[in-house]
Amino acid sequence: MAEQPLSDIAELLLAEAERAGATAADVVVAEAESLSVGVRLGSIEKLKQARQKHLGLRAFVGERSAVTSSADFSRDALLRLAADTVALARVIAADPCAGLPAPAELATTIPDLDLYDPAVGRLTPEQGVAMATEAERAAMAADARIANSEGAEFGASTSRVVYGSSPGFRGEYRDSGVSLSVVPVASENGSMQRDYWYSSQRRVDRLETPEHIGRTAAARALRRLNARKVETCEVPVVFDPEMAGGLLRQLAAAVSGYALYKGTSFLIDKLGTRIAPEHVTVVDDGTVAGGLGSKPFDGEGLPTRRTTVVDRGILASYLFDTYSARRLGARSTGNAARSVGEAPRVAPTNLFLVAGTHTPEAIVASVERGLYVTELIGFGVNPVTGDYSRGAVGLWIEGGALAYPVEEITIAGNLLDMFANIDAVGTDLEMRHAVSAPTIRIARMTVAGG
Amino acid sequence: MSDFDFAPREPARFFLERFGLSENLLADTVGAAIARRADYADLYFEFRTVRTLGLEDGLVKTAGAHIAQGVGVRVVAGDKTGYAYSDEVTVESLRLATRTAGAIADESGETGVAAVSAARPAHDLYALAHPPVETPLTDGIDLLSRIDVAARRQDSRIKNVIAGLGIEQKIVLIVNSAGVLVGDVQPLVRLNVTCIAEDGGKRQQGTFGGGGRVAYEFLLAEERYLRYTRTAVEQALRNLHAVDAPAGTMTVVLGPGWPGVLLHEAIGHGLEGDFNRKQVSAFSSLLGRPVASPLCTVVDDGTIAHRRGSLNVDDEGTPTGRTVLIEKGILRGYLQDRLNARLMGMPLTGNGRRESFAHIPLPRMTNTFMLAGETPPEDIVRSVDRGLYAAYFGGGQVDITSGKFVFSASEAYLIEGGKLTQPVKGATLIGNGPDVLTRISLVGTDLRLDEGVGTCGKDGQSVPVGVGLPTVRIDGLTVGGTQAG
């Protein structure tokens, strides 16, 4: 079958939706190629390759709308999809806030944010196997107590996204992603612990070396061996950067326009008020060059931008797409995220807690007796109230030093209190994810153990 | 809600006609896939239709209709898996995917010929007169609207109702080098109700729902949708006045049904074949050994009619079955897919599952539950002087290597003097898988399965599952709350 440009498919769908009676419509078409390889104990375990394409159509009939998606790109299927979408929209309730953004809000230029590295698409399975093998080898060579592994995995993908809407927006971009991870298993005295490390980037040359990933993963698994439980107590809790990033994700969910109007956010009515100390500033920035959360335009064709969410402790902005902004009498912040087959929702782009002035070592040294958290499990967060209670793994701090590993404990508090009690922010911010934070210390939480 | 040309009672015919394929071509493709020194190959065709409706602010304002289709080709050689998939189902894409997946088996040989014969699934667990995906859209809109009215009428403190209906139909066809050609049509219905309650500046939510591989009418029967709604309202209101959870180790009583998620996390994942073959599970090499109190018998059963976790055949074409995992406290079995069963020299259990054609099968649970015991549930509560009663949970998670698991109670009460007293919020329970079932000191007569909303995540793949439990008493489980001492 001849390849049809994705933009032609978008044009056809928009025209067909209008012909079927839509007053407005938008279309996302995405195409991706991916490769992943898994290596375990030095030999290939799996090789996976794929090419996938998918499209989504949203049609409005006045204030009514519906969203559909399909993987069938045949002309007949597209014509039927357009008609079905409009028919579906007609039977749905009218919503006065529904609709596409005003044309004046749409992005007029599509910046090159360095999201695509053509070298990623040229990576071969052999190269992936070599990198994964090296990462696992480095992990297993680190210590005799690492005699087993869940393996190492290498992944590479490139994709192309086209977005078009009836007010006239047409945008297209490519991006790429490459990742390498390893999960070694450490054993001693009949007990086992696994941990992991990984690197994820848009460009191959920015990936951490297999050697570094392997050694870091090994060190993390080893330091969990011979873990103890601790007595129930109230102590300062230090979140390592990975776990501090998790707290930012809770913040991101609570500042989403949808959580606010639905009543499912603990930050309702908190705009403009102090929610954290002076040294806490949180920024969302979709324009960071090469950023894992960067996009040249959002899921509705608005320019992405830099928004200060928490400004020196004051909740300075919520995050909106067009719909949630209209519901709350605000303006979109360009945070519409769009999966192919879904209506827009709000998601951060690159969200980060601005680095502070304390080195991570100084933060640990400042704790007489407390917990350094390296892993959290479970889903014990109530988004409505901010109540927080999760299983934790980490290291116990005694006299300002990491003393021994602990597990089978929980940490509990309330996110409002936890943000208010961030009493130290580390210097060690690294943009390893779309949502990133440095080490932070929370003055007091309940640790439940024996 | 229908856009089918015909109801696909015959999955094989559906795929062959839709994509212009023939049984001979499929057999040749599987044959080519195992041509190199491979042990096993399979093709997995999928055509999935999803309909969604969403209500908020008293109005059904969102509707979705989605079609996904594709084919995954897998070649297994030793412990190596090659996998390729495509959402284009053509002779050419099949050939390309077969070549790509086959690259894992690196020595060329004669072209194998797989003798494939069409089979019917071993069970017929969800035959329905009317596929739920053919339910008129207006019925779903009407249902969600009635839920909104019922919730608000029940209590004026209910300020918002968010409800969603999802109806899915997955048609699959599996062709493998073991000679199987088998198809299945898998319906799946799920209704969720969330209520937001406000009172005196306090806000809380309650969530409840249910479903299964059932007809749409299941939601209406015995006014199920109204029961889900009432339960969500009651949970939201109860949480408004709940006290903070205690922290520390105490006696915990788990109510019947959904708290069976304890078994899923604490035991089930640790008994999946892949983790045990690789010796990375806390249960590795404990087969035949006691891992639970003699009161405990735990099974995984994919053959219960209409349950969310049930399947006629697993995603490798193996009939699902009932596997005894723990028998009177002794570890008896693992859950297997083809790869791990072959490498471990163990029988297939029908637990090879995948999220979609884009995913490699893994050993996964179906419906996992503990059989009923002999103690009346009232006596179990009465036996506890001070502890926690957990009636419903949010979600759970496990680290299968260390065996540590966590799950969060969304409905719990303090037990004082053998009676449920105050409702408690924010209780997280944490324990050690190989240890927790040894602490079960009483098992109730009241086995109940969950309502049909469970989804299990593993290796980035989500599949529907079920759980179940009678009331049980666990002596000494760590409860993570904020109220120390």
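A compact table of results
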{"quantity": "Every residue from the stretch B:417-450 that is part of a strand (DSSP E or B), of a type in the set (D, E, K, R) and modelled with pLDDT of 95 or more", "calculated": "B:K419, B:R448"}
{"quantity": "Pair list, Cβ under 8 Å, 6 or more apart: the stretch A:386-408 residue away from every other protein chain (no Cβ under 14 Å), other residue hydroxyl-bearing (S, T, Y) and buried (at least 16 other Cβ atoms within 10 Å of the Cβ)", "calculated": "A:L395/A:Y372; A:L395/A:T374; A:W396/A:Y372; A:I397/A:Y372; A:G400/A:S366; A:L402/A:Y372"}
{"quantity": "Condition broken by A:D76, with the remaining ones in (1) crowded, with 21+ Cβ neighbours inside 10 Å; (2) more than 7 Å from chain B (Cβ to nearest Cβ) satisfied", "calculated": "(1)"}
{"quantity": "Some residue of the stretch A:338-345 being more than 14 Å from every other protein chain (Cβ to nearest Cβ), touching a strand residue (DSSP E or B) at 6+ places or on another chain (Cβ under 7 Å) and basic (K, R)", "calculated": "no"}
{"quantity": "Residue match in the stretch A:352-359 (condition: under 21 Å from A:A448 (Cβ atoms) and buried (at least 24 other Cβ atoms within 10 Å of the Cβ))", "calculated": "no"}
{"quantity": "Meets criteria (over 30 Å from B:K202 (Cα atoms) and either within 14 Å of chain B (Cβ to nearest Cβ) or in contact with a helix residue (DSSP H, G or I) (Cβ under 9 Å, 6 or more places away or on another chain) (or both)) for A:R327", "calculated": "no"}
{"quantity": "Hits in the stretch B:91-104 (condition: in contact with a strand residue (DSSP E or B) (Cβ under 7 Å, 6 or more places away or on another chain), in a helix (DSSP H, G or I) and more than 16 Å from A:F73 (Cα to Cα))", "calculated": "B:L94, B:A97, B:T98, B:T100, B:A101, B:G102"}
{"quantity": "Residue match in the stretch B:34-42 (condition: at the interface with chain A (Cβ under 9 Å from one of its Cβ atoms) and within 30 Å of B:D301 (Cα to Cα))", "calculated": "no"}
{"quantity": "Flag for B:S462 being part of a strand (DSSP E or B), under 23 Å from the mean Cα position of the chain (by Cα) and closer than 22 Å to B:P246 by Cα", "calculated": "no"}
{"quantity": "Filter result for B:L343 (outside any strand (DSSP E or B), surrounded by 23 or more Cβ atoms within 10 Å (Cβ to Cβ) and either hydrophobic (A, V, I, L, M, F, W, C) or under 24 Å from the mean Cα position of the chain (by Cα) (or both))", "calculated": "no"}
{"quantity": "Residue within the stretch A:413-433 that is part of a strand (DSSP E or B) and within 14 Å of chain B (Cβ to nearest Cβ) present", "calculated": "yes"}
{"quantity": "Residue that is nearest to the other protein chains (Cβ to nearest Cβ), among those in the stretch B:465-480 that are closer than 27 Å to B:R307 by Cα and either in a strand (DSSP E or B) or of a type in the set (S, T, Y) (or both)", "calculated": "B:V467"}
{"quantity": "The stretch A:146-170 residues that are away from chain B (no Cβ under 11 Å) and within 15 Å of A:V28 (Cβ to Cβ), paired with ones that are surrounded by fewer than 19 Cβ atoms within 10 Å (Cβ to Cβ) and polar (S, T, N, Q) (beta carbon under 8 Å, 6 or more apart)", "calculated": "A:V162/A:S7; A:G164/A:S7; A:R170/A:S7"}
{"quantity": "Total residues in the stretch A:91-122, condition over 24 Å from A:S324 (Cβ atoms), in contact with an Asp or Glu (Cβ under 9 Å, 6 or more places away or on another chain) and either within 14 Å of chain B (Cβ to nearest Cβ) or not hydrophobic (A, V, I, L, M, F, W, C) (or both)", "calculated": "3"}
{"quantity": "One residue from A:R58, A:R51 being in a strand (DSSP E or B), within 28 Å of the chain's Cα centre (by Cα), over 30 Å from B:A41 (Cβ atoms) and not small (G, A, S)", "calculated": "A:R58"}
{"quantity": "Subset of the stretch B:412-422 (residues that are in contact (Cβ under 8 Å) with a residue 12 or more places away in the chain and surrounded by fewer than 19 Cβ atoms within 10 Å (Cβ to Cβ))", "calculated": "B:E416, B:G417, B:G418, B:K419, B:L420, B:Q422"}
{"quantity": "Number of the exception - B:D184 against (1) among the acidic types (D, E); (2) under 30 Å from B:E56 (Cβ atoms); (3) crowded, with 18+ Cβ neighbours inside 10 Å", "calculated": "(2)"}
{"quantity": "Unmet criterion (only one of (1) out of contact with any Leu (no Cβ under 8 Å at 6 or more places or on another chain); (2) buried (at least 18 other Cβ atoms within 10 Å of the Cβ); (3) within 17 Å of B:V253 (Cα to Cα)) for B:L362", "calculated": "(3)"}
{"quantity": "Set A:A135, A:A130, A:A142: member being more than 14 Å from every other protein chain (Cβ to nearest Cβ), closer than 29 Å to A:Q52 by Cα, surrounded by fewer than 23 Cβ atoms within 10 Å (Cβ to Cβ) and of a type in the set (G, A, S)", "calculated": "A:A130"}
{"quantity": "Unmet requirement for A:G450, which otherwise passes all of (1) within 12 Å of another protein chain (Cβ to nearest Cβ); (2) surrounded by fewer than 24 Cβ atoms within 10 Å (Cβ to Cβ); (3) part of a strand (DSSP E or B)", "calculated": "(3)"}
{"quantity": "Any hit, the stretch A:303-310, residues being within 13 Å of chain B (Cβ to nearest Cβ) and part of a loop (DSSP other than H, G, I, E, B)", "calculated": "no"}
{"quantity": "Residue in the stretch B:227-234 that is within 14 Å of another protein chain (Cβ to nearest Cβ), within 30 Å of B:T135 (Cα to Cα) and buried (at least 24 other Cβ atoms within 10 Å of the Cβ) present", "calculated": "yes"}
{"quantity": "Residue that is farthest from the chain's Cα centre (by Cα), among those in the stretch B:154-183 that are β-branched (V, I, T) and over 16 Å from B:V73 (Cα atoms)", "calculated": "B:I158"}
{"quantity": "Test: residue in the stretch B:262-270 that is among the aliphatic types (A, V, I, L, M) and closer than 20 Å to B:I174 by Cβ", "calculated": "no"}
{"quantity": "Verdict on A:S265 being among the small types (G, A, S) and under 30 Å from A:P167 (Cα atoms)", "calculated": "no"}
{"quantity": "Within the stretch B:241-291, tally of residues that are of a type in the set (G, A, S), away from chain A (no Cβ under 13 Å) and over 19 Å from B:L325 (Cα atoms)", "calculated": "1"}
{"quantity": "Candidate set from the stretch B:193-214 (those that are under 30 Å from B:L125 (Cα atoms) and among the small types (G, A, S)); member that is farthest from the other protein chains (Cβ to nearest Cβ)", "calculated": "B:G212"}
{"quantity": "Residues (part of a strand (DSSP E or B), within 20 Å of B:I171 (Cα to Cα) and at the interface with chain A (Cβ under 9 Å from one of its Cβ atoms)) located in the stretch B:53-90", "calculated": "B:G64, B:A65, B:H66, B:I67, B:A68, B:Q69, B:G70, B:G72, B:A84, B:Y85, B:S86"}
{"quantity": "Strands (runs of 3 or more DSSP E) contained entirely in the stretch A:168-254, each with at least 3 residues that are among the small types (G, A, S)", "calculated": "A:170-188"}
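The values are calculated or read from the model by the stated rules, or taken from the named source; none is laboratory data. Given the structure is predicted, the values throughout are model-derived calculations rather than measurements. In this analysis, Cβ positions are derived from the backbone assuming ideal geometry, glycine residues included, and neighbour counts consider all displayed protein chains.
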